[in-house]
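Peer 1: After the structure tokens below, expect a handful of questions from me.
The values are calculated or read from the model by the stated rules, or taken from the named source; none is laboratory data. All of these numbers come straight from a predicted model, not from anything done at the bench. Neighbour counts are summed over all protein chains in view; Cβ atoms, including those assigned to glycine, are modelled from backbone coordinates with ideal geometry.
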Amino acid sequence: MKSHHDLLSTAKDAAEIGGKIILNGFRGLKKSQVRIKGSGDWVTDLDHRSEAAIIRRIRKSFPDHSIQAEESGIGEGHSDVRWFIDPLDGTTNYVHGIPVFSVSIAAAVDGETVAGVVLDPVHDEMFWSVKGGGAFRNRSRIRVSDKKSLSECFFSSGFPWRSKRYLRPYLDSFEEIFDASAGIRRMGSAAIDLAYTACGRYDGFWEMKLKPWDVAAGVLIVREAGGIVSDFRGGQNFMETGNLVAANRAVYPQMLRIVKKHLKGVE
Ligand code: IPD
Ligand code: CA
Ligand code: CA
């Protein structure tokens with residue numbers, strides 16, 4: 001068994017490789033390179049190229065690991081290690097020329113994420129953690145914010161485009177948090193939302209119906225930065241449900257109370 005640091009170092013290498021591919025492809029992106037997967041859901045040739053290169057890099061070090069990647073699905077291996085790969089988080093921004101997107105890569109051992117990397121190639125910021133080792137942006141240690149009351153907090157969220165039937169309760173949660181706080185942004189990359197929560201730019205983040213590859217790396221980074229993460233009921237089923245609240249220790253219970261009130265029925 002390789003150490004968690006070996007997993008991290010491969011994740012970092014793979015993220016750099018993917019990040020270069022999507023950054024190089026960004027300015028010259030052609031219409032012929034973009035396709036629609038579903039309503040409000042785009043994919044580009046660059047998502048695929050980034051993913052293929054990331055998988056090649058991981059397979060080079062760990063040929064027998066399982067890999068769950070957004071565009072190519074699950075490749076089961078003969079190991080207790082599973083990788084979660086989002087080769088381009090923020091494709092909607094990407095296809096509209098908005099320079100906010102990332103690569104997200106995590107490695108889990110026996111179901112527990114032990115290494116995670118979120119790379120924003122536009123700003124050259126790599127957020128990373130290994131379990132028990134703290135959280136970092138490039139070479140600097142990061143911490144969640146120290147805000148205590150909602151009125152001074154700045155949040156991020158995502159709209160429920162995958163399940164519009166939950167729009168009403170989502171908007172109720174939005175209204176209550178908006179009213180109580182100092183502001184809300186919608187970034188368009190859940191991995192960046194989590195990374196920014198980890199380094200205190202945001203005081204908290206909530207979104208529903210995310211996918212495991214959107215959140216696996218970012219959740220570890222938030223936790224290693226001293227934050228709390230749960231699903232909408234306060235449990236740990238966010239990898240299955242995709243429903244997630246993340247914040248610093250003081251703010252988390254206040255956010256969870258509001259999110260639970262409006263969104264506890266979201267399956
Ligand atoms: C999306 C982004 C976005 C979130 C969506 C995700 P993608 O990932 O993380 O912020 O709101 O739910 O699907 O499709 O760009 O990899
Ligand atoms: Ca994603
Ligand atoms: Ca993606």
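Peer 1: Based on what the data block shows, is Gly200 assigned to a loop (DSSP other than H, G, I, E, B), at pLDDT 95 or above and either within 16 Å of ligand 2 (Cβ to nearest atom) or crowded, with 24+ Cβ neighbours inside 10 Å (or both)?
Peer 2: No, not satisfied.
Peer 1: Sticking with this one: Given the structure, is Asp193 under 10 Å from the mean Cα position of the chain (by Cα) and of a type outside the set (Ser, Thr, Tyr)?
Peer 2: yes
Peer 1: Cβ-Cβ below 9 Å, separation at least six or inter-chain, first residue in the range 191-203 and in contact (Cβ under 8 Å) with a residue 60 or more places away in the chain, second part of a helix (DSSP H, G or I) and of a type in the set (Phe, Trp, Tyr): which pairs?
Peer 2: From the range 191-203, the pairs are Ala191/Trp213.
Peer 1: Is the range 118-131 home to any residue that is in contact (Cβ under 8 Å) with a residue 12 or more places away in the chain, aromatic (Phe, Trp, Tyr), crowded, with 23+ Cβ neighbours inside 10 Å and touching a Ser or Thr at 6+ places or on another chain (Cβ under 7 Å)?
Peer 2: no
Peer 1: Please list, ordered by residue number, the strands (runs of 3 or more DSSP E) wholly in the range 45-98 having 2 or more residues that are in contact with a Ser or Thr (Cβ under 6 Å, 6 or more places away or on another chain) and either within 16 Å of ligand 2 (Cβ to nearest atom) or within 15 Å of Pro121 (Cα to Cα) (or both).
Peer 2: The qualifying strands (runs of 3 or more DSSP E) are 81-89.
Peer 1: For the range 196-220, enumerate the residues that are within 15 Å of ligand 3 (Cβ to nearest atom) and more than 24 Å from Asp110 (Cβ to Cβ).
Peer 2: Residues satisfying the conditions are Glu207, Lys209.
Peer 1: When you look at Ser104, is it among the small types (Gly, Ala, Ser) and more than 16 Å from ligand 1 (Cβ to nearest atom), yes or no?
Peer 2: No: the conditions fail for Ser104.
Peer 1: Follow-up. Within the range 147-193, track down each residue that is within 16 Å of ligand 3 (Cβ to nearest atom) and either outside the structural domain of Val251 (by TED's automatic domain parsing) or part of a helix (DSSP H, G or I) (or both).
Peer 2: Selection gives Ala190, Ala191, Ile192, Asp193.
Peer 1: Looking at the range 168-190 only, could you name the residues that are touching a residue at least 24 places away in the same chain (Cβ under 8 Å), surrounded by 15 or more Cβ atoms within 10 Å (Cβ to Cβ) and closer than 16 Å to Leu150 by Cα?
Peer 2: Those that are touching a residue at least 24 places away in the same chain (Cβ under 8 Å), surrounded by 15 or more Cβ atoms within 10 Å (Cβ to Cβ) and closer than 16 Å to Leu150 by Cα: Ser173, Glu176, Ile177, Ala180, Ser181, Ile184.
Peer 1: So Asp124 ticks every box in (1) under 30 Å from Ser32 (Cβ atoms); (2) within 16 Å of ligand 1 (Cβ to nearest atom); (3) not small (Gly, Ala, Ser) but one. Which box is left unticked?
Peer 2: So Asp124 meets the others, but not (2).
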